[in-house]
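Each reported figure results from applying straightforward, stated rules to the coordinates on display, with no laboratory input. Quantities reported herein were computed from a predicted structural model and do not represent experimental measurements. Note that we place each Cβ from the backbone using ideal geometry, even for glycine, and neighbour counts take in every protein chain shown.
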Amino acid sequence: MTSSPRFKACLFASVVSLLISSDCAAEKPIFETSFEDMKSGQFDNAEINELKFTTSGTCNITNKYARTGKQCLHLLGDEGNVITLNLPTTMQNVKGISFHAERWTSRDPFAFSVDVNANGKWKRIAKLDQVTVVGARFLSHIQLAIKEEAKISAIRFRVAAASKAGLLIDDLALFNCPPDRPTAIPSESFPTKPLQLASRQTLFKSGTNDTHTYRIPAVVTAKNGDIVVACDARRKNSADLVHQRTIDIVFRRSTYNVNTWSPIEVMDPITNGGCSDPSLLLDRETGEIFCFYNYMSNDKSSKEYRFILQKSADHGKTWSEPEDFTEQVAGPELKNSFKFITSGRGIQTSDGTLMHNYVQVGKGVTVITSTDHGKSWSAVVDVPHGDESKLVELADGSLMINSRIAPGRRNVHRSQDGGKTWNTEADYSLCDPRCNASIIRYPVGLYGNNSELLLFCNAASNSERKNLAVRLSKDNGDTWSDGHVIDSGPSAYSELDILSDGKVIVVYEPGHSEIRAITFELDELLTPKK
């Protein structure tokens, strides 16, 4: 039996559900309801324990779904659905709101906010579009603090949603104290400070060299200081590999610190299919560079993604024949699943282990490793709740995976045991439109740097692939700087690396028009501008 989308439960409960503080939870709520005492069906006005509900739009009490009891509130789709809680005098010292919510279907549009009325003026206290998830069982436990000093005369929930969709709410409670850990909400403050660049060059121009679109950049600094940049050459259109097979992996090299670049060369000699999504990894011990990518054959009946690896022993000048290593890391049960190696980069840990990951679409990330300098590979563990992801080893030897997951947030996975087990949490401070990003550790001691730093680069927007920005963290990614903007215009995938002279290089997509490379000094992130 096929389950409906409602019962394909989202697994983000641990991310968006936070407990009310022990102090506040110990107090009796000044108001609570699970809507059991209300008559089912549409209503315009209602009263529970002196609190009066008024509605505009279509608001129902439904007896089909509930978190507790047999009923809940349903704010249906269509524009302008509002339910207002008019508070009696005895409740106007409210400082905390708690309720469980469920977004009804993933169809757009969807907007959900909570306002309070203080001294006769309405003020929005939370925009909850991106923390209210789809899935049965009311997985979004929303807890909000009311910081207004004035008495609160009313609270309102505003919802706009697709027709016949909307929002379910149950177990509503008001407290006279705020929660210690209110629900994290995506930041609406985006980086705006321009970054001073040291260089800026176009490396691959779409519409040239018999290529419709260049996409998906990767960059690595070789052991001798040379720079290698690879990307997709999508010959006939801009579509992904699953939709076409006319894609080659191409690359360019620089031996003079981004001043000059070699002509564009094709890396993969494969002619019976398409290749895409390159990622690069340097083995610091051997100096060998690895290029990973995905392959699909020209056989239109085949939907299988294969994993291919090529190696260079001369700093990216020449490359070995393609090696298919799919069977080493993905069992026969994944033969026709939608899986692909994440583009951009892999890493080498301090003990010499090579690490990378591939995505099982809709299921998460699989970490793969090699302990023999890339001669063989094995899958270590599946990590749920992730899409295209980047690995990084932190200063204390622990590991982090930073994943695209949904607009408004990224998921951060941490491992203290070498990647065997992982803990997952959402990072709402890293605004993101659900796009591949880059994270890298800046080496201690390089270019006068005496502290452990992480750099993160992405399209810093919650809704569009634009506003490419780079942020810095001095505490292993617990907190991030406000960010500096590299390009305020269209920007999609990006990749970071550190050059031999200490500069940072970012290779990125300014839309689909080209692949561009910029460099900047680390001091631009460390030195406050007057």
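The stretch between N272 and K420 holds 49.5 nm of extra length on full extension. This uses 0.36 nm per residue minus the Cα-Cα distance. Loop-located trypsin sites (Lys or Arg not before Pro) in the stretch 114-202 (DSSP state not H, G, I, E or B) with no more than 15 neighbouring Cβ atoms inside 10 Å: R137, K147, K151.
Dipole magnitude for the stretch 5-175: computed about the Cα centre from +1 point charges on Lys and Arg Cβ and -1 point charges on Asp and Glu Cβ, it is near 400 debye. Spatial offset of the stretch 239-255 relative to the stretch 273-350 amounts to 13 Å, using the alpha carbon center of each. When peptides 167-180, 86-99 are sorted by average Cβ neighbour count within 10 Å, with the highest value leading, the order is 167-180, 86-99.
On full extension, the segment bounded by N209 and N63 gains 46.3 nm, given 0.36 nm per residue less the C-alpha separation.
For the stretch 321-387, the set of trypsin sites (Lys or Arg not before Pro) satisfying both a DSSP loop assignment and a count of at most 10 other C-beta atoms within 10 Å is given as K375. Restricting the count to DSSP beta bridges whose residues both fall in the stretch 193-526, what percent are antiparallel, rounded to a multiple of 5? Antiparallel: roughly 95 percent of the beta bridges in the stretch 193-526.
With K and R counted +1 and D and E -1, the other residues having a Cβ less than 13 Å from that of L399 yield a net charge of 0. Under 5 Å from the amide H of G77 lie the amide H atoms of K164, A165, G166, each residue being 5 or more positions distant or on a separate chain, with H modelled from the backbone and absent for Pro and chain starts. Think of the stretch 193-526 as having a plus end and a minus end, set by charges on the Cβ of Lys, Arg, Asp and Glu; of W480, I401, A233, A233 sits farthest toward the positive end of this dipole. Taking every DSSP helix (H) stretch of at least 4 residues in the chain, weighting each as -39,500 (n - 2.57) and dividing the sum by the residue count yields a mean residue ellipticity at 222 nm of -500 deg cm²/dmol.
Taking amide H atoms as placed 1.01 Å from N in the peptide plane, the amide H of G511 lies under 5 Å from those of S491, A492, each 5 or more residues away in sequence or on another chain. The distance separating the Cα centre of the stretch 468-494 from that of the stretch 128-188 comes to 28 Å. Straight-line reach from K123: taking Cα to Cα under 23 Å and skipping same-chain neighbours fewer than 8 places apart, the lysines in range are K52, K95, K147, K151.
Given a Förster distance of 45 angstrom, what is the FRET efficiency for W122 paired with K70, based on the Cβ-Cβ distance and rounded to 0.05? List each step's numbers first, then the result.
Details: r = 33 Å, r/R0 = 0.73.
It comes to 0.85.
In straight-distance terms, cross-link reach from K375 covers every one of the lysines whose alpha-carbon lies under 18 Å from its own, apart from those fewer than eight places away in the same chain; here that gives K311. Neighbours of R441, meaning other residues whose beta-carbon lies under 10 angstrom from its beta-carbon, give a summed charge of -2 when Lys and Arg score +1 and Asp and Glu score -1. Net length available on complete extension from A111 to E188 is 26.3 nm, with 0.36 nm assigned per residue and the Cα-Cα distance removed. If only the Cβ of Lys and Arg carry +1 and only the Cβ of Asp and Glu carry -1, the dipole of the chain around its Cα centre is close to 1240 debye.
For the peptides 209-219, 303-313, 236-246, what is the packing order when you average, over each peptide's residues, the other Cβ atoms within 10 Å and list the highest mean first? Intermediate values should be presented prior to the final figure.
Values: 209-219: 22.5, 303-313: 19.7, 236-246: 15.3.
Those peptides, ordered most packed to least, come out 209-219, 303-313, 236-246.
Is the stretch 193-526 best put as rounded, prolate or oblate by its Cα gyration tensor, with a ≥ b ≥ c the root eigenvalues, rounded for a/c under 1.5, and otherwise prolate when a/b is larger than b/c, oblate when not? Judged from the Cα gyration tensor, the stretch 193-526 comes out rounded (a/c under 1.5).
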